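First comes the structure, then the notes that go with it.
The values are calculated or read from the model by the stated rules, or taken from the named source; none is laboratory data. Given the structure is predicted, the values throughout are model-derived calculations rather than measurements. So basically every Cβ, Gly included, is an ideal-geometry build from the backbone, and we count neighbours across all protein chains shown.
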Amino acid sequence: MKYLLSAFITFFMLSFAAAQTYNLQARVDGFKGNRAYLIQLKGDQQSVIDSASSLEGVFLFQFSASTKPGVYRIILGDEGNSNFFDEDPQFFDFIFNNEPIVLNTSFSNLIDAMNVLQSKENAIYYRYLKANEIYQSKMSRITPLFTLYKPENPFYAAVNKEFAEIQTEFIRFSLALIKELPESLASSVIQGSLFPVIEQPGTENEMKTFLRDHYFDLITFKDQRLLNSPVITRVFMEYLGLFRDPLLNQSQQEDRFIIAINQIMEAASDDPKIYDFTLNFLVDGFQRFQMEKVLVHIAENFIEGGCETDSKKLLQKRLEGYEKMAPGKKAPDILNLDQNGNQIRLYDIDRDYTLVLFWASWCPHCAVFLKQLSIWYPNKPIDLDVFAVSIDSSRFAWEERIMMDNYPWINIFSGAGWDGKAPREYNVYATPTMFLLDREHKIIAKPTTFREFRKEIEEIEARKN
């Protein structure tokens, strides 16, 4: 009987916990729309998870006890995704952390007018957001003054003093909020958003240099609940922005980003899941821009940290592929049939240089590149052949494109799209992807545009002369 009673109590408590819900009630004065949409935020990803009817600007959402704590977003609109992705939506964020929430605001000024009637987390959070708006406004007005006044100008000292006081006051206020509710998610959000005090203001470049060196002085990422928020990715994107320079070529820009990545991974190292999340975020971003020097650096220096998850194993496999296909490594051989049914082997090409090109008939960037290459190819200044590998799934589409454009080089069809043997061995995730090989089939460059390809050829010509 005692065991039956204990089991019943356990079952009752679990059932109660599962059934427990928390309400978010919000009133938005001046909102004339019919619906509000609840958005889950995870890094830079957004997904609609619920919607609610609005009655004179009042709407209600319900959260179960199993809902993950995090920063969520309410988007105010009438027609769902199509409406607020075609236009700039009105929205406000809030923190859910297993407590009821009652909010009241105005559609014309969602943050400044926000009144948190119930929720300790959001009371702290919105005090911070309002103070941050004032802080950003003051900083945007005072910072340009340093370009107008030189240090020897008497007014410079007064501006410098005010500049320091604005920063110090805001950081002191933020730290006081953290102490009010130290274990809260709101405190972790604030702690993950603190900028350092710029002690010696100067030119824009001088302030950027200071921020690159001190950006993470006050920021900490130890709370896994931040994974369900935009905080981590926003901070890292802003930090990477300090290293972006439009005057640099891609290789030089990648060198700058590598410096930033070292700092980012150190900042993410306090928690293994945050470390793992950061790795995936960086790899996805730099893969889209085909910055393989950066990806190889990540593979060589950071892949061993973090959690042993399936995601981590897939990431490791991807990064190992970039490392294997880095400049200086020998490219894998490719054996396949050309459009005439002849068996062609990459290693049989007897040329000083070979451009291995992965492309597809449906790829608009490939069409532009191939047209430029077709014009350049008949008068090529070096002993080079092109070995073009199609990742089309349709042989008909491939043959039609070759026949229409009459590409004057070796054309082969891998036959299995992205899953073909050659795309997998060459770690191809985008088109066009290029590998410039020497006579020994070693990779000497991986240009991403026709301009970069021409530059590599010009450098080869210069070395020959």
Exactly one condition in (1) at pLDDT 90 or above; (2) under 24 Å from Ala416 (Cα atoms) is not met by Asp338; state its number. (1)
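Kindly indicate the residue of segment 272-295 that is at pLDDT below 80 and out of contact with any strand residue (DSSP E or B) (no Cβ under 9 Å at 6 or more places or on another chain) and also surrounded by the most Cβ atoms within 10 Å (Cβ to Cβ) among those meeting that condition.
Looking at the filtered set, the residue picked out is Glu292.
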For Gln252, work out the one condition from (1) farther than 25 Å from Glu320 by Cα; (2) free of Cβ contacts under 8 Å to residues at least 24 places away in the same chain it doesn't fulfil. (1)
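Specify which of the listed residues (Asp78, Asp86, Asp93) is at pLDDT 95 or above and not assigned by TED's automatic domain parsing to the domain that holds Glu183.
On the way: Asp78 fails: at pLDDT 95 or above; Asp86 fails: at pLDDT 95 or above.
Matching residue, one of Asp78, Asp86, Asp93: Asp93.
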Only residues in segment 46-62 that are surrounded by 15 or more Cβ atoms within 10 Å (Cβ to Cβ) count as the first member; pair them with residues that are among the aromatic types (Phe, Trp, Tyr) and outside any strand (DSSP E or B), Cβ under 7 angstrom, at least 6 apart or cross-chain, and list the lot. Ser54/Phe31; Gly57/Phe31
Quick one: Asp392 ticks every box in (1) within 28 Å of Val296 (Cα to Cα); (2) among the charged types (D, E, K, R); (3) out of contact with any helix residue (DSSP H, G or I) (no Cβ under 8 Å at 6 or more places or on another chain) bar one, so which box is it? (3)
Single match in Asp255, Asp217 (criterion: of a type in the set (Asp, Glu), within 19 Å of the chain's Cα centre (by Cα) and under 30 Å from Lys293 (Cβ atoms)): Asp255
So if I check each of Ile410, Ile402, which one is surrounded by 15 or more Cβ atoms within 10 Å (Cβ to Cβ) and modelled with pLDDT of 90 or more? Ile410
Only one of Phe413, Phe435, Phe396 is without any contact (Cβ under 8 Å) to a residue 12 or more places away in the chain, within 22 Å of Gln343 (Cβ to Cβ) and either assigned by TED's automatic domain parsing to the domain that holds Asn340 or not charged (D, E, K, R) (or both). Can you tell me which? Phe396
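Okay, residues lined up against (1) over 12 Å from Pro201 (Cα atoms); (2) of a type in the set (Val, Ile, Thr):
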{"site": "Thr143", "(1), (2)": "no, yes"}
{"site": "Phe146", "(1), (2)": "no, no"}
{"site": "Pro151", "(1), (2)": "no, no"}
{"site": "Phe163", "(1), (2)": "no, no"}
{"site": "Thr168", "(1), (2)": "yes, yes"}
{"site": "Ser174", "(1), (2)": "yes, no"}
{"site": "Pro182", "(1), (2)": "yes, no"}
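Table: residues versus (1) touching a helix residue (DSSP H, G or I) at 6+ places or on another chain (Cβ under 6 Å); (2) more than 21 Å from Gln40 (Cβ to Cβ); (3) assigned by TED's automatic domain parsing to the domain that holds Phe61.
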{"position": "Glu99", "(1), (2), (3)": "no, no, yes"}
{"position": "Asn109", "(1), (2), (3)": "no, yes, yes"}
{"position": "Tyr125", "(1), (2), (3)": "yes, no, no"}
{"position": "Thr147", "(1), (2), (3)": "no, yes, no"}
{"position": "Pro151", "(1), (2), (3)": "no, yes, no"}
{"position": "Val159", "(1), (2), (3)": "yes, yes, no"}
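Matching residues to (1) in a loop (DSSP other than H, G, I, E, B); (2) more than 26 Å from Lys464 (Cα to Cα); (3) not charged (D, E, K, R):
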| site | (1), (2), (3) |
| --- | --- |
| Leu337 | no, yes, yes |
| Arg351 | yes, no, no |
| Phe358 | no, yes, yes |
| Ser361 | yes, yes, yes |
| Gln372 | no, no, yes |
| Ile375 | no, no, yes |
| Glu400 | no, yes, no |
Listed residues Ile443, Ile382; which is in contact with a helix residue (DSSP H, G or I) (Cβ under 7 Å, 6 or more places away or on another chain), within 22 Å of Lys464 (Cβ to Cβ), outside the structural domain of Glu320 (by TED's automatic domain parsing) and of a type in the set (Val, Ile, Thr)? Ile382
So which residues in segment 56-76 are out of contact with any helix residue (DSSP H, G or I) (no Cβ under 7 Å at 6 or more places or on another chain), of a type outside the set (A, V, I, L, M, F, W, C) and part of a strand (DSSP E or B)? Gln62, Ser64, Tyr72, Arg73
